[in-house]
Amino acid sequence: MSRFFLVICFLFPHQHLLASEQHQHLTGHNEHLEALDKLIVSAPLNQSVAHTALPVTVLAGDNLRQKMAGTIGETLANEPGITSQSFGPGVGQPVIRGQSGSRISVMQNGLGSLDVSALSPDHANSTDAFFADRIEILRGPSSLLYGSSAIGGVVNIIDNRIPILTPDSIITGAVEQRYNTVNEGKTTALKVDANHSFLAFHLDGVFSESVALQIPDYAVDLSQAGGTYNSQNRLANTQMRKHVGSAGFSINGESGYIGFSINHQTNNYGVPPEETDETVRIDSKQTRYDLKAEWSEPIKSIDNILMRLAYNDYQHVELENNQPGTTYNHEGFEGRLEIAQSAWWLFDHGVLGLQTRNSEFSALGDEAIVPKSSIDSIGIFTVQDLHSSYGIYELGLRVEHQSINPDNHATTDHTPISGSVSGLWELTEPLSLSLSFSHSQRAPDIQELFINGSHPATQSYDVGSQRLTEETARNIELGFHYETDGLKADINLYHNWILDYVARIHSNQYYDLVSESISQSCDSGSCHKVYNVEQHDAQFQGYELQIMVPLVSIGAHHLDAEFFSDYVHGAFDNQGDIPRLPPLRYGFQLTWHHPDLMTHVRLTRAQSQQRSGNNESPTEGYWQLNAGTHMTVVEDSHSRLVFYANARNILDQTIRQSTSYLRNIAPQPGRGFDMGIRVEF
């Protein structure tokens, strides 16, 4: 670590450690938030939402605060093309266009989470979003920018852990208290940002706890799942407790800044049981260190150099009937360097980048099913854009190498190569069209290659394959954007051909826990389903649609209507439907706006999912009615008092998500109300 700081001090001499006027402008006052929200921080060329072919969603401000939920997946579940893969209320991984796990990169300020959430669906993501300033979702292949783990999309959680100097405000902060009736959930949070001379400081803390989740009826769907245990009205073993705390600072100057932060969290949550004689809880802890530095205009041809580094020490223990079982450890380091170029040759902007990741993974215990391994990867990439009277064009290329060195197994090496080309054209003043082509590759993960054994938390016996090769995705996407004073419409159509798609497929076999053998039936009554990791060619097709129409406007008051729909279908070329895909969704939302009040009602229809995949059970369709209000009670130039409330699943329907591994034993929450109060100063 000391060597690293010496390098930084060499690169950023004292005369360069001042706050850049650009950052002061973008992060200073509320009047700049709207402009900031239109920029895509996750795209290295500082593109705006209106000037990129990337299908992107940006949540920020009060809109984000009202949608905030206990997990990232639940927070984003109503965004276009996004659903949640719940594993009880303690785990909610985002599913983007049917892709999840190792294909979705969940990042904190542009760097990976460096935990073990991709290894298994019962592992919660350690990236916390409660104090996020904004969340950006890049739908579709983003492996060009962030590596092969982003072949399905990116969720980038952007916060102020490493603060940027804002001289006009000496000290700012927020205190928030939330309560949720569906699980008696209580959340208390505090953050403070301070500035003095060339220094900026940040502190935050979040404490959450809840009891077992309320559900509309019985937990286990006896028509689809076996077992004799069936809780009613409460989902057993789903209480949780989580602590998160962060501290950071930055040193700022005329030509850049350098900052550091530390985050520590603990999380204890339960997995819904299928039988009474075995309960599993996850007890995790992590400490993460981040460093970020930017140098503006170091030389004439370079606009800026941005460097990010993160080190994460993660551990969790699977408690089986309150006794320690398998212990997972992941110690990881990730670095990212971006050099933004000035105009050259045909291109108006460009970025050259380098990204590295080095980690040590181990699973210890009698039921450890993945070998201890060293995982190393390095990638180089470039993105260039061209603006002309005929449209905006973007080209990109990335080459990456991944090496996994496991104990007692041969080392595996993979070299994914990704490239893309896209264009954006304004056909008429209100109508624009975007078209993109991409070739993306993903290296298989450690659990896909080497997993072998019974996993109590998922009630499964998993068998990996060391013969896996890179996935190769070829994607075409067509987008339309239409906007006038009376109508705003967005539609994205996509088709994805994937060669050697890796999937976890139920073999229709069972692992008998008594005889410790695999057979075609479960004779002892105590068994785990056997899942094999296989590769088959596959195709995905789908769309996302949003239409917004203003209905009534009376002075400062206005009523808007939003109509939405999304759909994805995926099938193997010769093995039937791909399992655990979301169904067709559609619905509408009415929103009443006032400068101090926003109220909405949202009705969503999800169709039944009959294309559930081989040996997987279908799910029934459902209606989901939600409502919410957000009110500014008091506001002046220095402070604001906000009250908000939401009603979820008002119809109290039994909802079983087709994306969930536990859909037959763990339905979604019943009718619930959450409310909170937030003081900003």
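Tabulated data
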item: Peptide ranges 363-372, 166-175, 552-561 listed from the most packed, as the mean C-beta count within 10 angstrom indicates; result: 363-372, 166-175, 552-561
item: Length-normalised contact order of segment 29-171 in % [C-alpha pairs under 8 Å, at least 6 apart]; result: 22 percent
item: Where a label projected 7 Å from the Cα of Asp407 along Cα→Cβ would reach, residues of segment 352-396 with amide N under 18 Å; result: 359-376
item: Ratio of the Cα radius of gyration of segment 638-681 to 2.2 N^0.38 Å, where N counts its residues; result: 1.75
item: Qualifying GluC sites (Glu not before Pro) in segment 514-576, DSSP loop, other Cβ atoms within 10 Å at most 10; result: Glu516
item: Segment 429-482: C-alpha gyration tensor shape, a/c 1.5 cut-off, then a/b vs b/c; result: oblate
item: Whole-Hz ³J(HN,Hα) from phi, Karplus 6.51 cos²θ - 1.76 cosθ + 1.60, for segment 175-182, glycine and proline x; result: 10, 9, 10, 10, 9, 10, 6, 5
item: Inter-centroid distance (Cα atoms) of segment 148-227 relative to segment 438-478, Å; result: 29 Å
item: Between segment 83-107 and segment 607-646, the alpha-carbon center distance in angstrom; result: 16 Å
item: Residues Lys242, Lys285, sorted so that the one with the fewest Cβ neighbours within 10 Å comes first; result: Lys285, Lys242
item: Unit Cα scatterers, Debye sum, the chain: log10 I(q)/I(0) for q = 0.07, 0.10 Å⁻¹; result: -0.45, -0.98
item: C-alpha center-to-center spacing [segment 530-556, segment 356-374] in angstrom; result: 35 Å
item: The chain, relative contact order in percent, only Cα pairs under 8 angstrom and at least six apart counted; result: 11 percent
item: Segment 535-616 shape via C-alpha gyration tensor axes, a/c threshold 1.5; result: prolate
item: Karplus-derived HN-Hα couplings along segment 101-111 (A = 6.51, B = -1.76, C = 1.60, θ = phi - 60°), whole Hz, x at Gly and Pro; result: x, 5, 9, 10, 9, 9, 10, 10, 6, x, 10
item: Footprinting exposure proxy for Ser84, Ser388, Ser362 (fewest neighbouring C-beta atoms within 10 Å first); result: Ser388, Ser362, Ser84
item: Which of Leu39, Leu213 has the fewest Cβ neighbours within 10 Å, and the rest in rising order; result: Leu39, Leu213
item: 30 Å Cα cut-off, lysine pairs counted over the chain (separation 8 or more, or different chains); result: 23
item: Three semi-axes of the equivalent ellipsoid, segment 248-380, Cα gyration tensor, whole Å, largest first; result: 43, 17, 12
item: Projected-area average for segment 585-667 over all orientations - Cα convex hull basis, square nanometres; result: 7.5 nm²
item: MRE, 222 nm, helices only [DSSP H, n ≥ 4, -39500 (n - 2.57), over the chain, to nearest 500]; result: -1500 deg cm²/dmol
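Bear in mind these aren't lab numbers, they're just calculated from the coordinates by the rules spelled out. Being a predicted model, the structure only gives us computed values, none of them experimental. Here Cβ is always computed from backbone atoms with ideal geometry, including for glycine, and neighbour counts include all displayed protein chains.
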